[in-house]
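Report on the following structure.
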Amino acid sequence: MEVFERIELRRFVGRELLLWLWFESEVFEGTLSTKQHGSFGLWLEGRLVLSAGQEVTTIKGTIPGQHREAKEALLRGKMPDLASLHLAWADHDATLTLKAETLAIAGLKLPRKEPDAAPTGEGTTVPVRRAPRRRAAPAEAAAELAAHEANEELYERMRVTREIEEILEALYRDFLALRLGPAWSELVIPALEAWTLGDDVDADDYGTARTKALAAAGPKGATRR
Amino acid sequence: MPALRGSLTYSRFFIDTSEGATAQKAAVSDDFREKYMRAIRLRAMRPLEAEDEDLERSGWCKVAEPFEIELHYDDVFCNEYVALGFRTDRWQIPGPILKARVREAEAAYLEKKAREKLGRKERAELKESVARKLRKQSAPSTRMVDLVWSMNDGIVRFFSHSDKAAGNMTELFHRTFGLRLVAEAPYTLASRLGLTKAQESAWQEIEISVLAKEAS
C-alpha cells in the first residue's frame, strides 16, 4: 500500500478516534488519563456532527453526546465528523473542535491568561509593568514595547497550544495501541456496541482490561487509574 | 484567522520526514536564520498592480499585518518560532460588469472602424484593455492567513482550513525554505508518533468498524 493510500483510505480512523473519545469520556465520566499527563478532564461540549455519505446529523447542546439523536445516528451507521471538546488539565480549561479526517483544530479557546503579578510585600499583588530596555523616543519606545509584547503573546499562545496538542496526541497514541491490536475487536468493539445500545458498560472492568491491553501493546501505552 | 488573538483555527503541517535531515542540517548551521531571512525577503509580497499580467499573487508579510511587507528579523523570528503572514492578492472584477463594459467597448470600436464584426484577436485585446481599465478603477482583494513554524518540532500551524490557501502556502513555503510540508492526517500523525512494524501492517489491513444494528 502506497503512502498516499495509507493516508487517504484510512481517514476514517479519525472518525473512530472521535467515537472512542466520546465513548471513554462517558464511561469514565469525563475523567481520562494518559501515562504522560496523569488525570485530566475531557468531555464533548457544544457540537457533535455525525455523517454517513450525504446524511448528516448535527447536535448542539451542553453535552451533545448524551442527546438521544446522537446514539440513534450511530445505530444508523453514522460516525462522528467533528466534535467540540472541553479539556480541563492542571488549573486550565480549553475548548476546541476536532475534525476527524484531518485532525484539524477549530475555535480553540485557550485558557484565560492570569495577569503577571509581583508581590508587594504586604500580602497584595500588583501587575508587572515592563519597561523598554533603553531610553528611546516615545514613539520608538512604544513600538518596541508593542513588538516585545506581541512576541511574548505569540510565544505563550504557541506554548499552551502545544501543551493541548500533546494531550490529544497522547490520547491518540493510546487509541492506536488499542485500534491496531487485538484489544479493538476483543474489548473495545463489544463495549462500544453495548454503550451505543444504551446498555451499561462497567467502567472498572473496561478500565482494567484497557490498562492490560495498553501495557501489552508496548511501553508507549498509557494506563487509566 | 489570527494567531495572536482570539480563538485559534488551524491546520497542522509537518516538515517532510524524507527531507527532515535537510531541515535539521539547516537548523544547526550558524547562519540559517540569516539565510531564511534573505529567502523570506526575496518572496515577500509584491502587491498586484493593474498593469501586471498576474491576476493573483501570494507572498509573505508580517504576521497579522497584511500591509507590512518590508520584513525585519524581529518581525519574523520569535525564539524557536518563525511567524509570517501568507498574503494573497486577487483581482475580482464582477463578471456582469466586465461583460457589459466589453460589449460597450466592442460597439464603440465597430462604429469607429465602420465594421460589423470583430476578429477573435481584436475581441481578446479589447477585453484585456477593458479589464485593465476596470482594474485601475478598483483595488485587488487582499487575504492573509497567519502561519507559525515551530522549528524545534518541525510543525507548521497554518491558521486556515482552506485547501486552496494551504496548497498555495505549501508551494511558497517550499520555494522559500526548500522544505516540503505534509498535511496532518490520521496516518501522518500515527506515523510521526511511531508505529511498530506490527502496527504498521495492521494499519494497512484495518477496515471501518461497524456498530450499526438497525436498518436505516
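Among the residues of this structure, A:Arg112 does not count as one that is at pLDDT below 80 and within 14 Å of chain B (Cβ to nearest Cβ). Tell me whether region B:191-201 contains one or more residues that are buried (at least 16 other Cβ atoms within 10 Å of the Cβ) and of a type in the set (Val, Ile, Thr). Within region B:191-201, none of the residues are buried (at least 16 other Cβ atoms within 10 Å of the Cβ) and of a type in the set (Val, Ile, Thr).
Applying the condition of being touching a residue at least 60 places away in the same chain (Cβ under 8 Å) and surrounded by fewer than 14 Cβ atoms within 10 Å (Cβ to Cβ) to region B:134-159 and asking which residue is nearest to the other protein chains (Cβ to nearest Cβ) yields B:Asn152.
Here region B:160-176 is the region considered, the condition is being of a type in the set (Ser, Thr, Tyr) and surrounded by 16 or more Cβ atoms within 10 Å (Cβ to Cβ), and the residue that is nearest to B:Gly59 (Cα to Cα) is B:Thr176.
Every listed requirement among (1) within 14 Å of another protein chain (Cβ to nearest Cβ); (2) at pLDDT 95 or above is met by B:Thr17 save one, (2). Filtering region A:1-35 to residues that are more than 9 Å from chain B (Cβ to nearest Cβ), in a helix (DSSP H, G or I) and either under 17 Å from A:Ile164 (Cα atoms) or under 15 Å from the mean Cα position of the chain (by Cα) (or both) leaves A:Leu18, A:Trp20, A:Leu21, A:Trp22, A:Phe23, A:Glu24, A:Ser25, A:Glu26.
The residue that is nearest to B:Ala185 (Cα to Cα), counting only those in region A:99-109 that are more than 7 Å from chain B (Cβ to nearest Cβ) and in a loop (DSSP other than H, G, I, E, B), is A:Glu101. Regarding A:Leu75, is this residue touching a helix residue (DSSP H, G or I) at 6+ places or on another chain (Cβ under 8 Å) and under 29 Å from A:Arg162 (Cα atoms)? Against the criterion (touching a helix residue (DSSP H, G or I) at 6+ places or on another chain (Cβ under 8 Å) and under 29 Å from A:Arg162 (Cα atoms)), A:Leu75 does not qualify. Among the residues making up region B:20-48, a single one is part of a loop (DSSP other than H, G, I, E, B), over 16 Å from B:Tyr73 (Cα atoms) and either within 14 Å of chain A (Cβ to nearest Cβ) or at pLDDT below 90 (or both): B:Ser29. On the given criteria, is A:Ser51 in contact with a Leu (Cβ under 9 Å, 6 or more places away or on another chain) and among the polar types (S, T, N, Q)? Against the criterion (in contact with a Leu (Cβ under 9 Å, 6 or more places away or on another chain) and among the polar types (S, T, N, Q)), A:Ser51 does not qualify.
Among the residues making up region A:34-70, those that are in contact (Cβ under 8 Å) with a residue 60 or more places away in the chain and surrounded by 18 or more Cβ atoms within 10 Å (Cβ to Cβ) are A:Thr34, A:Phe40, A:Leu42.
Set side by side, the residues A:Leu192, A:Leu145, A:Leu197, A:Leu154 differ, and just one is at pLDDT 95 or above and within 13 Å of another protein chain (Cβ to nearest Cβ), which is A:Leu192.
Sub-6 Å Cβ pairs linking a first residue in region B:53-67 that is in the same structural domain as B:Phe173 (by TED's automatic domain parsing) to a second residue that is buried (at least 23 other Cβ atoms within 10 Å of the Cβ) and in a loop (DSSP other than H, G, I, E, B), at least 6 apart or interchain, are B:Gly59/B:Met45; B:Cys61/B:Met45, ordered by first then second residue. Filtering B:Ile93, B:Ile97 for residues that are modelled with pLDDT under 95, part of a loop (DSSP other than H, G, I, E, B) and surrounded by 12 or more Cβ atoms within 10 Å (Cβ to Cβ) leaves a single hit, B:Ile93.
The values are calculated or read from the model by the stated rules, or taken from the named source; none is laboratory data. Note that the coordinates shown come from a computational prediction; the quantities given were computed from them, not determined experimentally. Using ideal geometry, Cβ is built from the backbone for each residue, glycine included, and neighbour counts are taken over all protein chains shown.
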